[in-house]
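Asks: Questions regarding the structure given below will be posed in turn.
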Amino acid sequence: MKLLTHNMLTSHVKGITKGYPLLIKATEVKVNEVAFNPQFVSRMIPKLEWHALVQAADELGHRQDLPGDLVPNYEENEEFLKKVHRVLLEVEVIEGCLQCPESGREFPISRGIPNMLLNEDEV
Amino acid sequence: MAIIAGRPCLQYLLHLAHGSLDFRLPEIKALLAIRGKPFNPGDNFKEKSPFWCLNDVSEEDICRIMERSVCAKSAFELWGYGKTHSELKTSLLRYPSENMAPFMHKDSTYKINVYTFNKTLKIAERIKRIDALEYLPFEGVVNLNSPQHVFSLIEDYGTNPNNIPEHPDNIYFGRWIADGQRELIRSHSVKNRHFIGNTSMEAGLSFIMANHAKVEEHDLVFDPFVGTGSLLVACSHFGAYVCGSDIDYNTIHGKGRSSRKNQKWRGPDENIRANLRQYGTESLYVDVMVSDASKPVWREAALFDAIITDPPYGIRESTRRTGSHKDGKPPDGIYAESHVPVSQSYHLSDIFNDLLNFSAHHLVLGGRLVYWLPVYRPEYCEEMIPLHPCLQLISNCEQTLSSHTSRRLITMEKIKEPEELDSLVHLSDPRFSPYQGHNAFREKYFSGVNKRSGKEDNKAVNGE
């Protein structure tokens, strides 16, 4: 699971009001090289919850020097876009889980794939 | 071309493949819309004809369209048109010589093809027609192997193979610009794909769907019923980043029984990511997840540029969602991770209303939803197409599956952001009731099928 996806997922456990962002508990993380595409990163940035991204990167120990706040004029800033690209698309959680911040319910991640299904009695 | 008095710009001729007729116009319109251009056909435009004239487009527009279109075979800069060869000659002699000159000068090489639609000509007859064009001011040298410029004389003998006229209905002459992407149908054939399922979308249609959705490079595309990822393969081919989800754990993880005749179980390299790797687009793979499309797992924001999907019809894959049995209680013990806690039947009308609602909330403004709607033909009416106040219906193309069933490719575009009550609108919408009939799609589908054996009946009853 990439951090781009994590940034967009939320817990949907019945009755909770604050299901975002999900906490990440990773037991295996991989970093792959993925072709850098500045236009894609630029277009994604406005759709992201920036602080949730930084927090997630921190949780995984892969934040490096990603700034805590968005830099202005990031569209022109290739160095900054490369940092965002690495965190969004190159860091992958292979094994672990996503945890609902309110209920504690864990959604497992295995072979890089999150399982967001709730059980019959939770729905 | 100057057949229409006072029109200064060039006209282009598209030669379209003579299949998937319904799907062609929405595809060309969508590809023109990506270029910001309207669809302005020539006079006497006939949608069913394989030849369309386009006005108000540039050569650059045509090249970009042909880099995407699966419906268009070739495109030409139209120099002349007539209903007879004499009319064609008049038309060609009126074409501005300054437009011809760059392609006719003495240092250039060229070739003239003769193409006849719905008729076969002998070689001698083709040569006669080429010779009859000697009034054109070609100064270059003929090169049949690798000419710089290729020209086509096209004769259209109509679309009725049982009634071929002696003389063509329409004759065109043009300079060849580009071919379309029909080769993708072969190169991306599901037959050669690493990972397939029972209902993997055939290559041609998957690319047409990506075109109907106006998928562009650097887009983010989502498929909520992703299955084996055929639609993601097509979208990533056009440069979009792709993600998907499916309620079926085994399909997402690439496990379980193979859909191939000579193979029992799926191999280790059979999953969606491997499919993208096969075609060189793995860098555009974002994620897939096991998830119930009817549940709100995505943050409330306009995340996706397009949503492209083929929801289950309840025939070869079951329609499911998570939920409790009315009568049973959940089993004791620890759930194996692959346990899919499904049981509630997911009524088809709910699938589509959920899908439209999801799209209204998660598409960017101007983004498109493209999906297949199964239809029981004897009862079909246009009012059955699900609607949503935030989505505008763009096109509705039928593909017949059998005498009593078909599926319709529906394209919708998000035109406004949702407000509080929009998600409940469908309950008061009269269209909600007619579509309820689709919940019985399974029964209607099987009612026309001869009962082959008891086993088949049992499968139907057990919700497969």
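Asks: Using a Förster distance of 60 Å, how high is the FRET efficiency between B:D179 and A:D121, based on the Cβ-Cβ distance and rounded to 0.05?
Replies: According to the calculation, E is roughly 0.55.
Asks: Taking neighbour counts of Cβ atoms within 10 Å as a proxy for exposure, in what order, fewest first, do B:S402, B:S349 appear?
Replies: B:S402, B:S349
Asks: Quick one: which of A:K82/B:K29; B:K106/B:K214; A:K83/B:K416; A:K30/B:K261; A:K25/A:K82 span more than 32 angstrom between C-alpha atoms?
Replies: A:K82/B:K29; B:K106/B:K214; A:K83/B:K416; A:K30/B:K261
Asks: So if we plug the beta-carbon distance of A:L70 and B:N145 into 1/(1 + (r/R0)^6) with R0 = 56 Å, what FRET efficiency do we get, rounded to 0.05?
Replies: 0.45
Asks: Give the share of C-alpha pairs in each 5 angstrom bin for chain A, from 0 to the last occupied bin, in whole percents, shortest bins first.
Replies: 2, 11, 21, 23, 18, 13, 7, 4, 1, 0
Asks: Considering the convex hull of the alpha carbon atoms of the protein assembly as shown, report its projected area averaged over all viewing directions, in nm², one decimal.
Replies: Computed as one quarter of the Cα hull surface, the answer is 32.7 nm².
Asks: Here's a follow-up. With a point put 7 Å past each Cα toward its Cβ, work out how far B:S283 is from B:L365 in nm, to one decimal.
Replies: According to this spin-label approximation, the distance is 3.3 nm.
Asks: Moving on to the next point. DSSP loop trypsin sites (Lys or Arg not before Pro) in the stretch B:172-269 with at most 13 other Cβ atoms within 10 Å of their Cβ, which ones? Write out the running numbers ahead of the final one.
Replies: On the way: sites: B:R175, B:R182, B:R186, B:K191, B:R193, B:K214, B:K255, B:R257, B:R260, B:K261, B:K264, B:R266; in loops: B:R182, B:R193, B:K214, B:K255, B:R260, B:K261, B:K264, B:R266.
Answer by residue number: B:R260, B:K261, B:K264.
Asks: Here's a follow-up. How much net charge surrounds B:Y285 when only other residues with a Cβ under 13 Å from its Cβ are counted (Lys, Arg +1; Asp, Glu -1)?
Replies: -2
Asks: Over the Cα atoms of the stretch B:174-264, what is the Rg over Rh ratio if Rh follows Kirkwood?
Replies: Ratio value, two decimals: 1.04.
Asks: Determine, for B:F51, B:F195, the number of other Cβ atoms within 10 Å of each Cβ, and report the residues in order from fewest to most.
Replies: Ordered from fewest to most neighbouring Cβ atoms within 10 Å, B:F51, B:F195 come out as B:F51, B:F195.
Asks: How much mean residue ellipticity at 222 nm does chain A get from its helices, if each DSSP H run of length 4 or more adds -39500 (n - 2.57) and you divide by all residues, to the nearest 500 deg cm²/dmol?
Replies: Working: 4 runs with 31 residues, N = 123.
Calculated mean residue ellipticity at 222 nm is -6500 deg cm²/dmol.
Asks: What full-extension length gain, to one decimal in nm, is calculated for A:Q99 and A:W50 as 0.36 nm per residue of separation minus the Cα-Cα distance?
Replies: Details: separation 49, 0.36 × 49 = 17.64 nm, distance 1.91 nm.
Taking 0.36 nm per residue and subtracting the Cα distance, the gain is 15.7 nm.
Asks: Shape of the stretch B:253-308 from its Cα gyration tensor (a ≥ b ≥ c, root eigenvalues): rounded if a/c is under 1.5, otherwise prolate when a/b > b/c, or oblate?
Replies: Oblate is the answer for the stretch B:253-308, as a/c is 1.5 or above yet b/c matches or exceeds a/b.
Asks: For chain A, with a Gaussian network of springs between Cα atoms less than 10 Å apart, report the residue from A:V34, A:V93, A:V84 with the top mean-square fluctuation.
Replies: The residue that fluctuates most here is A:V34.
Asks: Arrange B:S20, B:S86 by Cβ neighbour counts within 10 Å, fewest through most, would you?
Replies: Ranked by crowding around the Cβ, least crowded first: B:S86, B:S20.
Asks: Assuming R0 = 60 Å, can you tell me the calculated FRET efficiency for the pair B:I415 and B:A124, based on Cβ-Cβ distance, to the nearest 0.05?
Replies: 0.55
Asks: Using the structure shown, list the pairs from A:K18/B:K295; B:K48/B:K83; B:K37/B:K89 with a Cα-Cα distance above 27 Å, or answer none.
Replies: B:K37/B:K89
Each reported figure results from applying straightforward, stated rules to the coordinates on display, with no laboratory input. All values reported here derive from a predicted model rather than from experimental measurement. Cβ: placed from backbone, ideal geometry, glycine included. Neighbour counts: every protein chain shown.
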